[in-house]
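Working notes, beginning with the structure itself.
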Amino acid sequence: MEPNKLKHLLSIEDLSNEDIINLINRANLFKNGLKLEFNKKVFVSNLFFENSTRTHRSFEIAERKLNMEVIQFDASTSSIHKGETLYDTVLTLDALGLEVLVIRHSKVAYYEELVQSKSLSCSIINGGDGEGQHPSQSLLDLMTIYNEFNHFDGLKIAIIGDIRHSRVARSNAQILKRLHSKIYLCGPEDWYSSDFDQFGEKANFDEIVHDLDVVMLLRVQHERHESNSGFTQSDYHQAYGLTNERYTKLNDTCIIMHPAPVNRDSEIASECVESEKSRIVEQMRNGVFMRMAILEAICHERGILS
Ligand code: CP
């Protein structure tokens, strides 16, 4: 199968269903040891203006596995602190010869002015934009689900927790609806947004817990809340979290997912994080291979595959 071709990866919605299945297949080839050669040195940098462990490091590992030249960028010591804008930072890195930039930024759709600029030729991979999109996370989540069930059609998937503030919830609800999964949206009313009505049905976790294929938990995004949520960790866990008791009610083939970082005993009982049904660590593993497939697709479009 031919690799995909992508100029940028900005939103999961930019990909067709065929693109997604192909990216999953390519990611699985990388997981099984596929090696890639480029016809020249490819310079790449990861610009993270919000905290990250998984996305940042798994992109860096993916880049190194592909023998790309990774140029370090530390947002805290960059010229952003002398007043340089994101656009001018990217203009500079593009002029220095960087071909691919992975960017995480708190501003929703920060990438629009970058990809519309006629002065820039580098490719942008969105590593997360505020409450907007997280396409590489969504793709690794889709890979994890597909590797388990071999399809998406009709799967019953509950997305649970801080839906309104979660770019993972937005990307996954959009794409899983398009892939014909049945989406349930569970969690506190104050953390729900009616934007999500088009993707799924609001539900009480306790009423559907026994009949799910995928439990997709979300991190509580305290940093995006305007005021204290009013929940203690224990209250939230009992009302909306995957408790040990709810775990026992899941059906035999149900899997548990969480994009992480996990707040143990808040969104999920600590014992459930590495339980038999959990695919949380597998999501992290798959992240490296899916990011290799994304980078391959970008390099294919740029004509730098051998
Ligand atoms: N899932 C995720 O985006 O994790 P990081 O914030 O650690 O990158």
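The values are calculated or read from the model by the stated rules, or taken from the named source; none is laboratory data. Keep in mind that what you see is a predicted model, and the values were worked out from it rather than measured. Note: ideal-geometry Cβ built from the backbone for every residue, glycine included; neighbour counts use all protein chains shown.
Summary table below
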{"read-out": "Residues located in the stretch 219-236, provided they are modelled with pLDDT under 75, surrounded by 11 or more Cβ atoms within 10 Å (Cβ to Cβ) and either more than 16 Å from the ligand (Cβ to nearest atom) or farther than 14 Å from Ser106 by Cα (or both)", "value": "Ser229"}
{"read-out": "Some residue of the stretch 29-42 being more than 18 Å from Leu305 (Cβ to Cβ), assigned to a strand (DSSP E or B) and either of a type in the set (A, V, I, L, M) or away from the ligand (no atom under 16 Å from the Cβ) (or both)", "value": "no"}
{"read-out": "Some residue of the stretch 48-63 being within 22 Å of Met292 (Cα to Cα), assigned to a strand (DSSP E or B) and within 16 Å of the ligand (Cβ to nearest atom)", "value": "yes"}
{"read-out": "Matching residues in the stretch 179-192 - criterion: being closer than 26 Å to Gln233 by Cβ, surrounded by fewer than 16 Cβ atoms within 10 Å (Cβ to Cβ) and in contact with an Asp or Glu (Cβ under 9 Å, 6 or more places away or on another chain)", "value": "none"}
{"read-out": "Exclusive hit being away from the ligand (no atom under 16 Å from the Cβ), over 24 Å from Asp141 (Cβ atoms) and surrounded by fewer than 16 Cβ atoms within 10 Å (Cβ to Cβ), set Asp94, Asp14, Asp88", "value": "Asp88"}
{"read-out": "Candidates Ser123, Ser106, Ser119, filtered to the one that is more than 16 Å from the ligand (Cβ to nearest atom), among the small types (Gly, Ala, Ser) and exposed (fewer than 15 other Cβ atoms within 10 Å of the Cβ)", "value": "Ser119"}
{"read-out": "Residue under evaluation Met292, criteria (1) in contact with a Ser or Thr (Cβ under 9 Å, 6 or more places away or on another chain); (2) within 25 Å of Glu63 (Cβ to Cβ), criterion not met", "value": "(1)"}
{"read-out": "Some residue of the stretch 105-125 being in contact with a Phe, Trp or Tyr (Cβ under 8 Å, 6 or more places away or on another chain) and under 30 Å from Gly230 (Cβ atoms)", "value": "yes"}
{"read-out": "Some residue of the stretch 66-73 being within 16 Å of the ligand (Cβ to nearest atom) and closer than 26 Å to Met284 by Cα", "value": "yes"}
{"read-out": "Qualifying position, being loosely packed, with under 15 Cβ neighbours inside 10 Å and either within 25 Å of Asn4 (Cβ to Cβ) or free of Cβ contacts under 8 Å to residues at least 12 places away in the same chain (or both), among Asn39, Asn28", "value": "Asn39"}
{"read-out": "Search result, residues across the stretch 193-211 that are surrounded by 16 or more Cβ atoms within 10 Å (Cβ to Cβ) and farther than 11 Å from Ala158 by Cβ", "value": "Phe196, Phe199"}
{"read-out": "Residue match in the stretch 58-73 (condition: modelled with pLDDT under 95 and of a type outside the set (A, V, I, L, M, F, W, C))", "value": "no"}
